[in-house]
Amino acid sequence: MQIKTILFPTDFSYGAHAAMDFAVSLAKNYNSQLILLHVIQNIVIADWDASSSFQVADMMKDIHKSAMREMDRWCAEVSSKINDMKKMIVAGVPFVEIIKAARNQNADMIVIGTHGRMGVSHVLLGSTAEKVARKASCPVLTVRIPSVDLNLKPA
């Protein structure tokens, strides 16, 4: 199997950082391009008026600047380990934009972290990683947050 391009979507969370280690390791082993992607969630305001639209536009600029700074930090961490790296920041619905980016960038694999939500929070919030895994046309490696308190007993 040849893996030329790996897409690594990140929300800059602890879980995403754990997944980054897998993405970097795979990119090194396969000498692949690693694409770091951050999706800025679209903001929907129900009651639009002239003043709120300017405030939302300013807020989106601030969010984009903040995302760029964070992406630069993550890229700096990765750049010493990977020869071929690219960064992307887009706005939209995260799972949709991740799938689009994978298709448009001809990704051979997506490596994505999970938050490990269960129960009601999973039902209400859904899972970007789950939606990506179900809908992507390429293989998806989901990486769960390392947990210290699993309370698992040996069988």
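Derivation of every value follows stated rules applied to the coordinates shown; laboratory data play no part. None of these values were measured; they are calculated from a predicted model. Cβ placement follows ideal geometry from the backbone for every residue including glycine, while neighbour counts extend to all protein chains displayed.
Mind checking which lysines have their C-alpha under 19 Å from Lys4, skipping anything on the same chain fewer than 8 residues away? Cross-link targets: Lys28, Lys81, Lys86, Lys87, Lys100.
How far, in nm, would the chain grow between Gln55 and Ala18 when pulled straight, counting 0.36 nm per residue and subtracting the alpha carbon separation?
Values: separation 37, 0.36 × 37 = 13.32 nm, distance 3.45 nm.
Extra length available between Gln55 and Ala18 comes to 9.9 nm.
Each label point was placed 7 Å from the Cα along the Cα-to-Cβ direction; for Val90 and Glu77 their separation is 2.3 nm.
Can you tell me the order of 93-101, 3-11, 67-75 when each peptide is scored by its average per-residue count of other Cβ atoms within 10 angstrom, highest first?
Values: 93-101: 19.9, 3-11: 22.4, 67-75: 14.3.
Listed from highest to lowest mean packing, they are 3-11, 93-101, 67-75.
Dipole magnitude for the range 5-119: computed about the Cα centre from +1 point charges on Lys and Arg Cβ and -1 point charges on Asp and Glu Cβ, it is near 340 debye. With the biggest extent put first, the Cα atoms of the range 5-119 measure 52, 34, 27 Å across the principal axes. Neighbours of Lys100 by Cβ distance under 14 Å: Lys/Arg scored +1, Asp/Glu scored -1, total +2. Amide H neighbours of Lys4 under 5 Å, counting only residues 5+ apart in sequence or on other chains, H built in-plane at 1.01 Å? Those qualifying (amide H under 5 Å, at least 5 residues apart or on another chain) are Asp108.
Counting 0.36 nm for each residue step from Cys138 to Gln41 and taking away their Cα separation leaves a gain of 32.6 nm.
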